[in-house]
Amino acid sequence: MADAIRLLRPLQWVKNGLVFLPFLFAVDIAWSVGNLWDIPPLLGRLAILFLAFCALSSGVYVFNDLMDRNADRAHPRKRHRPIASGRVGIPVALALVILLTAGGLAVMWVVGFSVLLVSLIYLVINVAYCLGGKNLVILDVFAVASGYVIRAVSGALAIDVDPSPWLYTTTGAGALFIVLGRRYAEVRLASQDPSRQRPVLERYSQPFITQLLTISATAALLSYTLYTIEAENLPDNHTMLFTLPLVALGLFRYLCLLNHSSDAEAPEQLMMRDLPLLATVVAWLAVSAAVLLING
């Protein structure tokens, strides 16, 4: 049972929290300070969507581990995964893939047909990634980053809010930064033959991945800055700019960890285990909520 739970990668579920992000910025659109009774039903729908994404994403993780079981055995950490180590058999893993995927999609259908369609796109991209897309340089990064954007878009659709261009731009730029950071850490921490751990790493030389990471960090910070100024549903007095230093602090802290932490290959572990980074995220949420509520 412990190995089966580990196979679901519950630490990765923190990424599914992105479905709640559109709610925060839907003030005066889906809900308002003057009518707080609208909030519980919306949060309830998002909570259900969160659980559905946990099931669907776990199904994808199990499928990925099935496809990667031979390569994982060459990785110093991944060789201990339940399937690669042989502690969970292939029939059990296949059954988990079917149950988790079908269950997640069924719940998303209940949440909304548009949510189901977006989730199917997520599933198709990730299956293609598992079946060979992960070996295509650059495209592998965009495939993983798309999952972050799809989660945020699904959250907006679940509460009947039209996803804005800023949602795509800001979430996409931030996702590229996180995923490229993971590749950077994998290259830094890899042994003499990184291609045995992940074939595509052979194409990501240290100078190349450093350039990509620098560009993505700049794009993430710039897109968020423009979002706080130009987004129509944010306060006209531009007080959301008060959150900009926290975003910059989070980006810089993440870059620091990428260069020094042994857990840098797992962004979700960095966020949960590094107190300064976690505190920065919590502070950003608190300041953002305060600005939106005061100006609401």
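The values are calculated or read from the model by the stated rules, or taken from the named source; none is laboratory data. Here the structure is a predicted model, which means the values were calculated and not measured. Every residue, glycine among them, receives a Cβ derived from its backbone with ideal geometry; neighbour counts consider all protein chains shown. These accessible areas exclude ligands, DNA and RNA; they are computed on the full protein's heavy atoms, side chains included. Shrake-Rupley method; radii C 1.70, N 1.55, O 1.52, S 1.80 Å.
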Sparse-neighbour loop sites [chymotrypsin sites (Phe, Trp or Tyr not before Pro); the stretch 1-110; at most 13 other C-beta within 10 Å; DSSP]: none
Stretched fully, the stretch from R73 through F113 gains (0.36 nm per residue minus C-alpha distance, one decimal, in nm) 10.4 nm
Figure the gain on full extension for I215 and A4 (residue separation times 0.36 nm, minus the Cα-Cα span) and round it to one decimal in nm. 72.1 nm
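Ignoring ligands, DNA and RNA, what percent of the 1.4 Å accessible area of the chain is carbon and sulfur?
On the way: 9860 of 14170 Å².
Carbon-and-sulfur percentage of accessible area, whole number: 70.
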Roughly what angle does helix 275-294 make with the longest principal axis of the chain, taking Cα atoms, 0 to 90 degrees, to the nearest 10? 30
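I'd like to check one number: the per residue accessible area of the chain, probe 1.4 Å, reported in Å² as a whole number. Show your work: numbers first, answer last.
Details: 14170 Å² over 296 residues.
Result: 48 Å² of accessible area for each residue.
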Can you tell me the orientation of helix 139-158 relative to the chain, as the angle in degrees between its alpha-carbon axis and the longest Cα principal axis, to the nearest 10? 40
Taking the dipole about the Cα centre of the chain, with the C-beta of Lys and Arg at +1 and of Asp and Glu at -1, give me whichever of A71, N16, V144 is farthest to the positive side. A71
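Can you tell me how much longer the chain between F252 and L51 gets when fully stretched, taken as 0.36 nm per residue apart minus their C-alpha distance, in nm with one decimal? Write out the running numbers ahead of the final one.
Working: separation 201, 0.36 × 201 = 72.36 nm, distance 3.11 nm.
Separation in residues times 0.36 nm, less the Cα-Cα distance, equals 69.3 nm.
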FRET efficiency (S262, E202; Cβ distance; R0 35 Å; to 0.05) is 0.95
